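**Student:** Before anything else, here's the structure in question.
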Amino acid sequence: MVSASEKMTLPSHGVANGHAQLDSGHARLHELGYKQELKRDLSVISNFAFSFSIISVLTGVTTLYNTGLNYGGPVSFVYGWFIVSAFTMIVALSMAEICSSYPTSGGLYYWSAKLAGPRWAPFASWITGWFNIVGQWAVTTSVDFSLAQLIQVIILLSTGGKNGGGYEASKYVVIALHAGILLLHGIVNSLPISLLSFLGQIAAIWNVLGVFVLMIVIPTVAPERASAKFVFTHFNSENENGISSRPYIFLLGLLMSQYTLTGFDASAHMTEETKDADRNGPKGIISAVGISVVVGWVYILGITFAVIDIPFLLSEDNDAGGYAIAQIFYVTFKKRYGNGTGGIICLVIVAVAIFFCGMSSVTSNSRMAYAFSRDGAMPLSSLWHKVNKQEVPIYAVWLSVFISFCMALTSLGSIVAFEAMVSIATIGLYIAYALPIFFRVTLAQNHFVAGPFNLGRYGVIVGWTAVLWVVTISILFSLPVSYPITIKTLNYTPVAVGCLLILVVSYWIISARHWFKGPITNI
């Protein structure tokens, strides 16, 4: 075992226990008290690819394009995207700085434990960890369910569309599709990390190329195109939700952008499998957000130039049943060539991107579950942190798949309940992002030891800005989205997040405070 004094002087490429040569991230992991159990095989490109694939602008923008059209339209897309992007990058910079100092698969909950100090470490770690892992499960649920819904629309359009007698899958068929997608993601994530890394890089390439293909093809094929004035200045204040305040409408329209730019903590959860993780982990976080910002804006512009009639795109009576982007793709090719086959192919491009997004999301989920159970925080922890001969946390992979399927079952009873469940995907995750940053700028302000990547004297200012932004969006996305407020129109986001908070804190008070002491080193 390395003594305290040896830990303090262990060089970046030093020797652990007098044997194997370590890279800087591996050495730092050893200093933090963890032995290497996962195969360190990822480059900075592969680390970036996992976060970039989870952010997946093709997934987020396509899934919530209806929301953006309904609340502000083009102005919310074009300008709201940059507002959200700027603040998201601030959050990412703060997270990257902490990741450089603590490159472990535990990520956020480990950071909170170290930054909150000995007195608050167990509780800080506990609440951050549970918000993080439940938020990640909600992300996987929403991503794979949205893919099932898109496949439903592709089938509908391929069989003639809603107005041509096309096949409309029931909610039971959609949940079966969702189960099949999760099963495939479980199988893929059971592969060795080298193969998963290769697929992650393909996913990143697919997302970039897919965006550029679609942003060029759709406006080019469209027989009618919106004017630049429409794209950059039109504000859609007409909605069936009883909201007339233009500032309020614009703020609600930010949800599409914020939902899309979520999930970049995956780079942190993959650090124990990344070479030179104290440098490459932060690079993965920042580059994933930065490139997504550019690629996302390009995609939004390309699609919005094909928007002609917003009410028609949102109408459930169109061929795609009200799925705006699907209708845009389909009608663009149908008007030009007499059939919508080309539009369906474009939807398949998006569907593959969403599949890769879900794949990477399960990867991130499983690494978080592996690390959290390694520290004894989950029921049956001894099972979830086991790795197989390929050094994959196989039980954690299938746990993530199973829970994501169970969360989607709420859609069979009530779509409102399901939407409340997946709302945790955005708010829950960002709360988990903000907690370690908050501890870094408060309790740890004077004793935070920066890693190779750091913000220097700007760290505290950037950190406080990040925390305030998370508070802002948490309030914003908890506000009513429709008036008058009824059981069916109530925004259940604060209810879902509040219930999660009550459960986590209650579990802590009743039981966990007696046995959970925060991250436990395994050296």
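The values are calculated or read from the model by the stated rules, or taken from the named source; none is laboratory data. From a predicted model like this one, the values you see are computed outputs, not experimental measurements. Positions of Cβ are generated from backbone atoms using ideal geometry, with glycine treated the same way; all protein chains shown enter the neighbour counts. We work out accessible area using only protein heavy atoms, side chains counted, and drop any ligands, DNA or RNA first. Shrake-Rupley method; radii C 1.70, N 1.55, O 1.52, S 1.80 Å.
**Student:** Would you calculate the volume per residue, in Å³, of the smallest convex hull containing every Cα atom of the stretch 385-523? Display every interim value, and only then the final one.
**Tutor:** Values: hull volume 26.1 nm³, N = 139.
Taking only Cα atoms, the stretch 385-523 has a hull volume of 188 Å³ per residue.
**Student:** Let me ask another. Can you give me the pair-distance distribution of the stretch 126-245, C-alpha pairs, 5 Å bins, whole percents?
**Tutor:** Histogramming the stretch 126-245 at 5 Å steps yields 2, 8, 8, 11, 15, 18, 17, 11, 6, 3, 1, 0 percent.
**Student:** Rounded to a whole number, what % of the accessible area of the stretch 84-220 do carbon and sulfur atoms account for, probe 1.4 Å?
**Tutor:** On the way: 3310 of 4410 Å².
The nonpolar share, carbon plus sulfur, comes to 75 percent.
**Student:** P(r) tail for the stretch 175-246, what percent of Cα pairs lie past 14 Å?
**Tutor:** In whole percent, the share of Cα-Cα pairs in the stretch 175-246 beyond 14 Å is 79.
**Student:** Can you work out the accessible area per residue across the chain, with the rest of the protein chains kept in place, probe 1.4 Å, in square angstrom? Walk me through the intermediate numbers first.
**Tutor:** Details: 19840 Å² over 523 residues.
Spelled out: the 1.4 Å probe surface of the chain, per residue, equals 38 Å².
**Student:** Only one of the listed values, (i) 73, 43, 42; (ii) 93, 68, 55; (iii) 69, 60, 49, was derived from the coordinates as Cα extents along the principal axes in Å; which label is it?
**Tutor:** Here Cα extents along the principal axes in Å agrees with entry (i).
**Student:** Determine the principal axes of the Cα atoms in the stretch 226-371, then give the extent along each, sorted from largest to smallest and rounded to whole angstroms.
**Tutor:** Per principal axis, max minus min of the Cα coordinates gives 51, 40, 28 Å.
**Student:** Output the pairs from 171/386; 162/488; 488/517 with a Cα-Cα distance over 31 Å in this structure; if there are none, say none.
**Tutor:** Exceeds cut-off: 171/386; 488/517.
**Student:** For every helix of n ≥ 4 consecutive DSSP H residues, a contribution of -39,500 (n - 2.57) applies; sum these over the chain, divide by its total residues, and give [θ] at 222 nm rounded to the nearest 500 deg cm²/dmol.
**Tutor:** Using -39500 (n - 2.57) per qualifying helix, the result is -22500 deg cm²/dmol.
**Student:** If R₀ is 30 angstrom, what is the calculated FRET efficiency for the pair residue 482 and residue 213, using the beta carbon separation as r and rounding to 0.05?
**Tutor:** For R0 = 30 Å, the calculated efficiency reads 0.25.
**Student:** Averaging over every viewing direction, what projected area does the convex hull of the Cα atoms of the stretch 46-98 cover, in nm²?
**Tutor:** Average projection, Cα convex hull of the stretch 46-98: 4.2 nm².
**Student:** Still on this structure: Could you give the nm distance between label points at residue 45 and residue 237, where each point is 7 Å from its Cα heading toward the beta carbon?
**Tutor:** For residue 45 paired with residue 237, the spin-label model returns 5.0 nm.
**Student:** Still on this model: Give the dimensionless ratio obtained when the Cα radius of gyration of the stretch 307-451 is divided by 2.2 N^0.38 Å.
**Tutor:** Expressed relative to 2.2 N^0.38 Å, the Cα Rg reads 1.50.
**Student:** Packing-wise, with mean Cβ within 10 Å as the measure, how do 504-511, 231-238 rank, highest first? Don't skip to the answer; put the middle values down first.
**Tutor:** Working: 504-511: 13.1, 231-238: 15.5.
The densest-packed peptide leads the list: 231-238, 504-511.
**Student:** Grab the beta carbon distance between residue 503 and residue 472, set R0 = 22 Å, and tell me the FRET efficiency rounded to 0.05.
**Tutor:** 0.30
**Student:** Still on this structure, I have one more. Kindly list the residues of the stretch 456-479 that lie in the label zone of residue 248, defined by a backbone N under 20 Å from the point 7 Å along the Cα-to-C-beta vector.
**Tutor:** It comes to 472-479, nothing else.
**Student:** Shifting gears a bit: Can you work out the base-10 log of I(q)/I(0) for the stretch 204-247 at q = 0.21, 0.30, 0.32, 0.34 1/Å, using the Debye formula on its C-alpha atoms alone?
**Tutor:** -0.82, -1.01, -1.07, -1.12
**Student:** Taking the Cα centre of the chain as the origin and placing charges on Cβ (Lys, Arg +1; Asp, Glu -1), which of 303, 407, 137 is farthest toward the positive end of the dipole?
**Tutor:** Positive-most Cα among the choices belongs to 137.
**Student:** If you build the convex hull over the alpha carbons only and average its shadow over all orientations, what do you get for the stretch 27-176? Give it in nm² to one decimal.
**Tutor:** Over every viewing direction, the Cα hull of the stretch 27-176 projects on average to 13.2 nm².
**Student:** Taking R0 as 56 Å, what's the FRET efficiency between residue 339 and residue 389 from their Cβ-Cβ distance, rounded to 0.05?
**Tutor:** It comes to 0.65.
**Student:** Modelling each spin label as a point 7 Å along the Cα-to-Cβ direction, I'd like the residue 227/residue 495 distance in nm, to one decimal.
**Tutor:** Inter-label distance under the simple model: 4.5 nm.
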